[in-house]
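Comments concern the structure below.
The values are calculated or read from the model by the stated rules, or taken from the named source; none is laboratory data. Values in this document were obtained by computation on a predicted structure and should not be read as measured data. Here the Cβ is made from the backbone with ideal geometry for all residues, glycine too, and neighbour counts use every protein chain on show.
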């Protein structure tokens, strides 16, 4: 009957997927929007369930509006490809901005938004001001300095980049200098000006793909160091889940090498051969 009246099924909330409740409420509102209240009213009459009141529908709408930025942000951060540590701070920053804008027009779910914002501040407040994480975001061409208008936040990241980039350049150049060249190195001022010039060139260049960094080797090296980690543990959890399917009770005597090879093959089966 659900298929006949609404042309789609409901989504059931479950304990293992935190966003299943959000998705289920979103589906109900989608059905009401596309099929009208009459389809849902027929279902409620058939199963003898009270129809949503106008106030309940307003609440459900505000609930979806409040939770949508959170659901999208977590889905982004839980990815395994095209996601780096530098995505963490911009994603949280955009999520917080959207929640604050949505709160203005809300009547019933303002307390929910306040609770979410308080939770984000409690869990990630220090990270949002961490120079290393801010620098990781700036060193992703997708974001650079566009993701916030807070000059103090950007200064933390830019100062971190300048300090660490100049240190890397210093170590690289020192290792290739002869004893005589190292003695007269203070006479050369070009090296001291290289760091800021490279950073300014990167921030003003066009393009938002990772290939942009290849034209700025000092920044590329620093970006690789800062952005290699993933911002969430979901990828590791998926790895452990796959490992549990291989290491079953009937295969308890499998060798570690064989187990590792089977796990790698299972997780990389979609990669095309060279």
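Need the failing condition index for residue 241 against (1) closer than 15 Å to residue 141 by Cβ; (2) at pLDDT below 85; (3) not in a loop (DSSP other than H, G, I, E, B), just the number.
Checking residue 241 against (1) closer than 15 Å to residue 141 by Cβ; (2) at pLDDT below 85; (3) not in a loop (DSSP other than H, G, I, E, B), the one that fails is (1).
Which pairs do you get when a residue that is surrounded by 10 or more Cβ atoms within 10 Å (Cβ to Cβ), found in the range 235-249, comes within reach of a residue that is outside any helix (DSSP H, G or I), reach meaning Cβ atoms under 7 angstrom, with the pair 6+ apart or on two chains?
Correct list of pairs: 235/80; 247/254.
Could you please find all residues in the range 154-163 being in contact with a helix residue (DSSP H, G or I) (Cβ under 6 Å, 6 or more places away or on another chain) and over 14 Å from residue 196 (Cα atoms)? I'd like the intermediate steps shown before the answer.
Going residue by residue through the range 154-163, those that are in contact with a helix residue (DSSP H, G or I) (Cβ under 6 Å, 6 or more places away or on another chain) are 156-157, 160-162.
Hit for the range 154-163 is 156, nothing else.
Return the total of residues in the range 91-150 being under 15 Å from the mean Cα position of the chain (by Cα), surrounded by fewer than 16 Cβ atoms within 10 Å (Cβ to Cβ) and assigned to a loop (DSSP other than H, G, I, E, B).
Total satisfying the criteria: 0.
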